[in-house]
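Trainee: Provided herewith is a single structure, encoded as structure tokens, for subsequent inquiry.
The values are calculated or read from the model by the stated rules, or taken from the named source; none is laboratory data. Owing to the predicted nature of the structure, the values given are computational and were not obtained by experimental measurement. All Cβ positions, even for glycine, are placed from backbone atoms using ideal geometry, and neighbour counts span all protein chains on display.
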Amino acid sequence: MTFSGCSVLNPNVTEPVFLSNENAAKSWVNGLRRQLALTMNQVVVSTELVSDNYYNNRTLSSKVFDIPQIDYFDLDVNNLQVQVQRLREMSEYGLSTVLKGDPTATAADSTEVYFSNAFAHLLSGELFVGLPGSNLGPVLTPTQHLERAILLLDKALALSTNENDRNAFTLLKARAYYQLGDAVNASKYATAVMSKTTLLRQAKFDGLNNVPNDMQTYLYSSTNNEFAPLPRLDFLDPKYYHTGLAATDQKPVTITKAEEAYLIQAEVQLSAGQLDASRVTMKQLLDVVSARGSVSIDDKRKRGMEVTGRTIR
């Protein structure tokens, strides 16, 4: 028995098919936003454990980060660098292939891709002593990653017409210069946005499509006490919570906000011995914080405590 003319269709979306689809760039940007959320999940969980703000009661996340014991062969260290590198790789593919191949791509699409690439390098410089800056490329130092992040943020700024985005990118530049120890430029870009007291940029989650906020799950949404706050922080906990169904109320995670500009400026002033000026800046920061919206929640069901409510900003 012979077979001829047999044609098997690939049920998956192949690269040529995706690139030829209408609005491929917008689809890729949506994918980058999803990856940003996944990256922030790993960043927030890992850094909260390292900071010793929370104790890992019963999750599969690291049990030794709070010692701190951070080994390059640790699974959680690997997971963290994988998510950061995945954000970088996806954004680089967007720049090199998707945007160029989609005639409907807009400046806003390009802005988002440049931002994603910049943020991946910023995280690489902040969190690691060295990470590759390209696929199979040489390992870059934190300084090299931070300098690359600044260049990419400049490209995003050149394309963006959205005021909130431009302010967020400017503040991220201040953060990068702060990490580089460049007090002059850190102060320059921080003060440029200090008047934007409602500035806020966040990563958003989607519980209905399997992109939940992991920290929210560990702190509140789970029926078990996955992460326990240390006593000194219990009055601030939970940072994330849900009302109604958890799947439909996944709280966003902040990437940068106005308060950071005041903290950077205050530290620059302190380092220069300007104690009075730093004190004024910190008092201004308190005004910014107090102007943020707040909610009160009853978390007795989570803590078994006689607590009528907590005010969360």
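Trainee: Quickly run through segment 205-218 and pick out the residues that are crowded, with 18+ Cβ neighbours inside 10 Å, out of contact with any Phe, Trp or Tyr (no Cβ under 7 Å at 6 or more places or on another chain) and outside any helix (DSSP H, G or I).
Mentor: Residue satisfying the conditions is 205 alone.
Trainee: Among the numbered conditions (1) in contact (Cβ under 8 Å) with a residue 24 or more places away in the chain; (2) small (Gly, Ala, Ser); (3) assigned to a helix (DSSP H, G or I), tell me where residue 158 comes up short.
Mentor: Only one criterion in (1) in contact (Cβ under 8 Å) with a residue 24 or more places away in the chain; (2) small (Gly, Ala, Ser); (3) assigned to a helix (DSSP H, G or I) is unmet by residue 158, namely (1).
Trainee: If you don't mind, there's one more thing I want to ask. Name the residue that is farthest from the chain's Cα centre (by Cα), counting only residues in segment 57-105 that are surrounded by 14 or more Cβ atoms within 10 Å (Cβ to Cβ), at pLDDT below 85 and among the hydroxyl-bearing types (Ser, Thr, Tyr).
Mentor: Among them, the one singled out is 59.
Trainee: Continuing with this model, one more query. For the list (1) surrounded by fewer than 17 Cβ atoms within 10 Å (Cβ to Cβ); (2) without any contact (Cβ under 8 Å) to a residue 60 or more places away in the chain; (3) in a helix (DSSP H, G or I), I need the number of the one condition that residue 146 fails.
Mentor: The number of the failed condition is (1).
Trainee: In segment 41-54, how many are touching a Pro at 6+ places or on another chain (Cβ under 9 Å) and part of a helix (DSSP H, G or I)?
Mentor: The total comes to 3.
Trainee: Would you mind telling me which numbered condition in (1) in contact with a Lys or Arg (Cβ under 8 Å, 6 or more places away or on another chain); (2) surrounded by fewer than 17 Cβ atoms within 10 Å (Cβ to Cβ); (3) under 19 Å from residue 84 (Cα atoms); (4) of a type outside the set (Ser, Thr, Tyr) residue 138 fails?
Mentor: (1)
Trainee: Sticking with this one: For residue 221, only one of the following conditions fails: (1) touching a helix residue (DSSP H, G or I) at 6+ places or on another chain (Cβ under 6 Å); (2) in contact (Cβ under 8 Å) with a residue 60 or more places away in the chain; (3) within 24 Å of residue 36 (Cα to Cα); (4) among the polar types (S, T, N, Q). What is its number?
Mentor: Going through (1) touching a helix residue (DSSP H, G or I) at 6+ places or on another chain (Cβ under 6 Å); (2) in contact (Cβ under 8 Å) with a residue 60 or more places away in the chain; (3) within 24 Å of residue 36 (Cα to Cα); (4) among the polar types (S, T, N, Q) one by one, residue 221 breaks only (2).
Trainee: Pairs please, first residue from segment 54-70 and over 12 Å from residue 227 (Cα atoms), second anywhere and hydroxyl-bearing (Ser, Thr, Tyr), Cβ atoms under 7 Å, 6+ apart in sequence or on different chains.
Mentor: 65/46; 66/55
Trainee: Let me ask something else about it. Which number in (1) touching a residue at least 40 places away in the same chain (Cβ under 8 Å); (2) touching a Phe, Trp or Tyr at 6+ places or on another chain (Cβ under 9 Å) marks the one condition that residue 76 misses?
Mentor: (1)
Trainee: Let me ask you something else. In this structure, does residue 202 turn out to be of a type outside the set (D, E, K, R), in a helix (DSSP H, G or I) and modelled with pLDDT of 80 or more?
Mentor: The answer is no for residue 202.
Trainee: Take the conditions touching a residue at least 60 places away in the same chain (Cβ under 8 Å) and either touching a Phe, Trp or Tyr at 6+ places or on another chain (Cβ under 6 Å) or not aromatic (Phe, Trp, Tyr) (or both) and apply them to residue 88. Does it pass?
Mentor: Judged against the criteria, residue 88 is not a match.
Trainee: Scan segment 55-69 for residues that are farther than 25 Å from residue 86 by Cβ and in a strand (DSSP E or B) and jot them down.
Mentor: Selection gives 55 alone.
Trainee: If you scan segment 234-266, which residues turn out to be touching a helix residue (DSSP H, G or I) at 6+ places or on another chain (Cβ under 8 Å), closer than 21 Å to residue 290 by Cβ and in a helix (DSSP H, G or I)?
Mentor: 258, 259, 260, 261, 262, 263, 264, 265, 266
Trainee: While we're looking at this one, here's another question. Any residue at all in segment 92-113 that is free of Cβ contacts under 8 Å to residues at least 24 places away in the same chain, more than 30 Å from residue 158 (Cα to Cα) and out of contact with any helix residue (DSSP H, G or I) (no Cβ under 8 Å at 6 or more places or on another chain)?
Mentor: no
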